Amino acid sequence: MATASPRAISTTPRHAAVVRITHWLTVLAFLALLITGAEILISHPRFYWGESGNANMRPLFSLPLPTSRPWVNNGFGTAMPDGNGWGRYLHFEAAWVVALTGLVYVLWGVWRGHFKNNLTPERGERSAGALWRVITKSLRGGRAADDEAHSYNALQRATYLVVIFVLFPMVIWTGLAMSPSFTSAVPAAASLLGGRQSARTLHFVITLLLVGFFGVHVAMIALAGFWKRTRAMITGRARTAKEDA
Amino acid sequence: MSGLSRRKLITGGLAATAGITGLAVADRLAKAYGLVPPDAGGIFGPGETLTYAAQSLLTAHRPAREFPRSMISKDPFAVPIAPPTEAFKKSQALGFNDWRLTVDGMVERPTAFSLADLQSLPVRNQITEVACEEGWSYVAEWIGTPLSGVLREVGVLPQARYVAYFSVEPDQWDSLDMGEALHPQTYLTMGMNGGELPVAFGGPLRMRVPMQLGYKNLKFLHHITVTDSMKRFGKGLGSASPEGGYAWFAGI
């Protein structure tokens, strides 16, 4: 049984339950996708452009990694263990979690005005100049203002919208474009991207962008106070300025 | 701390009950319509079932992408094959004249086909991509006879649900559901890029399933069995792949 602190901590609502649950499910699934994606990658760490590409063809670029296949050697050996079996099983299971979670989140967000009210930059901040002011303020290392515990600044809002509506849909699309079964139903999924190998290369590039977002996101939370922000994403409530002081 | 209100408890309880009922109904429907793959057990079962069911519903009767002749890869790649056995070399010396594909199981007329028998059936060609689960691929022209025609020749019994197929290589066997077995692009392949099918690419006879990844396209095919259940084959997971940790369904 939870007991209230004798100091009578005053908190205000911060994150809705749907946001918190979908956030943490996505974190879990994203990490599973990242680990299994790297696992699959080392069986062929070479990238191509166009429809097809293989070990007999010149790659667009290749990664300096040891591989898990004796017939693919980028000069760093081929002694890695083969994990593509469980890797692929888990990759697609986690992809279902991300896709279904994302669907629930986006439908809820549209229905409850989450994107309009919380994630669209506010009227006065929809300009490059306003974004630049936020960036320079962050770079100067200014501590997050108190009001930012309860709302997002323009740069955060723009970034979250790009991740939700551009990067995640693109990473799912480029992934499906590699499926011979899916592209039989939707051939344009592959042809619009320039072919199967282009889709695979883009899948990798978008993953790098998502990893970049993940790194910056965690770093910004650490700067603002890791436990304070993480607690708000778990309990849904942010402590007020007075209590923090 | 306000605690759980009665309203929240009731709403939550109703939602949970609806969720569990929904899952049970979905499970029943999936089984009734053959949307559960043979390797649906274990922690990866839910994801695998969703993938197989979704793709079965979405892609039924759609053809895999075909390409113009100009897109045929000049440098196709084949995973190195194990050294051929003496029996294989002997057959190769005879021009594979003694190669037989036996088709049995739930069929009216079990038959052993020679390559000449298969050539006498309608021979077609397709320019499709072989895509390996590792990520690489190539486009080639494949020449062969659709598996559906062979199944028609032997007379598949109505209760049949899967077509299991076996390579002469040990522990190399797989299966297709009836929909994919009857798919017009599923070929018993004997030729590639205008010539004979090279041994390195699975000659003299290879299963070609362009709707699925490379590992479903077994090389050195010599036996096909039609069945209503994959439970009696190996560990009952549908193919040798799940026994090695890989998914039975390879459409993605």
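The values are calculated or read from the model by the stated rules, or taken from the named source; none is laboratory data. All values derive from a computational prediction rather than experimental measurement. When we count neighbours, we look across all protein chains shown, and the Cβ atoms used for this are built from the backbone with ideal geometry, even at glycine.
See the values below:
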| quantity | calculated |
| --- | --- |
| Elements of type helices (runs of 4 or more DSSP H) contained in region A:149-245, each with 3 or more residues being out of contact with any His (no Cβ under 6 Å at 6 or more places or on another chain), surrounded by 14 or more Cβ atoms within 10 Å (Cβ to Cβ) and among the polar types (S, T, N, Q) | A:180-185, A:196-235 |
| Elements of type strands (runs of 3 or more DSSP E) contained in region B:80-162, each with 2 or more residues being aromatic (Phe, Trp, Tyr) | B:137-146 |
| Qualifying residue in region A:115-131 (condition: away from chain B (no Cβ under 13 Å), of a type in the set (Asp, Glu), assigned to a helix (DSSP H, G or I) and out of contact with any Lys or Arg (no Cβ under 7 Å at 6 or more places or on another chain)) | yes |
| Hits in region B:63-115 (condition: charged (D, E, K, R), more than 14 Å from chain A (Cβ to nearest Cβ) and over 21 Å from the mean Cα position of the chain (by Cα)) | B:Glu86, B:Lys89, B:Lys90, B:Asp98, B:Glu108, B:Arg109 |
| In region B:64-78, the residues that are assigned to a loop (DSSP other than H, G, I, E, B) and either of a type in the set (Gly, Ala, Ser) or at pLDDT below 95 (or both) | B:Ala64, B:Ser73, B:Ala78 |
| Failed criterion for B:Gly105 (all others in (1) surrounded by 14 or more Cβ atoms within 10 Å (Cβ to Cβ); (2) small (Gly, Ala, Ser); (3) within 24 Å of B:Pro76 (Cβ to Cβ) hold) | (3) |
| Options B:Ala181, B:Ala160, B:Ala164; residue that is free of Cβ contacts under 8 Å to residues at least 40 places away in the same chain and either within 23 Å of B:Gly34 (Cβ to Cβ) or in contact with a Cys (Cβ under 6 Å, 6 or more places away or on another chain) (or both) | B:Ala181 |
| Odd one out for A:Pro66 among (1) assigned to a helix (DSSP H, G or I); (2) surrounded by fewer than 16 Cβ atoms within 10 Å (Cβ to Cβ); (3) touching a residue at least 24 places away in the same chain (Cβ under 8 Å) | (1) |
| Complete set of residues in region A:69-96 that are under 29 Å from A:Leu28 (Cα atoms), within 9 Å of chain B (Cβ to nearest Cβ) and part of a loop (DSSP other than H, G, I, E, B) | A:Arg69, A:Asp82, A:Gly83 |
| Residue check, B:Ala131 surrounded by 20 or more Cβ atoms within 10 Å (Cβ to Cβ), within 24 Å of B:Val226 (Cβ to Cβ) and facing chain A (nearest Cβ under 8 Å) | no |
| Candidate set: region A:49-62, residues that are more than 8 Å from every other protein chain (Cβ to nearest Cβ) and not polar (S, T, N, Q); chosen: the one farthest from the chain's Cα centre (by Cα) | A:Arg58 |
| Restricting region A:2-35 to residues that are over 19 Å from A:Tyr160 (Cβ atoms), within 11 Å of chain B (Cβ to nearest Cβ) and outside any loop (DSSP other than H, G, I, E, B), the residue that is modelled with the highest pLDDT | A:Ala32 |
| Filter result (buried (at least 16 other Cβ atoms within 10 Å of the Cβ), assigned to a loop (DSSP other than H, G, I, E, B) and at the interface with another protein chain (Cβ under 9 Å from one of its Cβ atoms)) within region B:40-62 | B:Phe44, B:Arg62 |
| Cβ-Cβ under 6 Å pairs, at least 6 apart or on other chains, region A:98-118 side small (Gly, Ala, Ser), far side at pLDDT below 95 | A:Gly109/A:Phe115 |
| Selected residue (only one of B:Thr111, B:Thr128 is within 27 Å of B:Arg62 (Cβ to Cβ) and of a type in the set (Ser, Thr, Tyr)) | B:Thr128 |
| Within region B:215-242, tally of residues that are free of Cβ contacts under 8 Å to residues at least 24 places away in the same chain and either crowded, with 21+ Cβ neighbours inside 10 Å or not in a loop (DSSP other than H, G, I, E, B) (or both) | 0 |
| Scope region B:186-200; condition surrounded by 22 or more Cβ atoms within 10 Å (Cβ to Cβ), within 14 Å of another protein chain (Cβ to nearest Cβ) and out of contact with any helix residue (DSSP H, G or I) (no Cβ under 6 Å at 6 or more places or on another chain); matching residues | none |
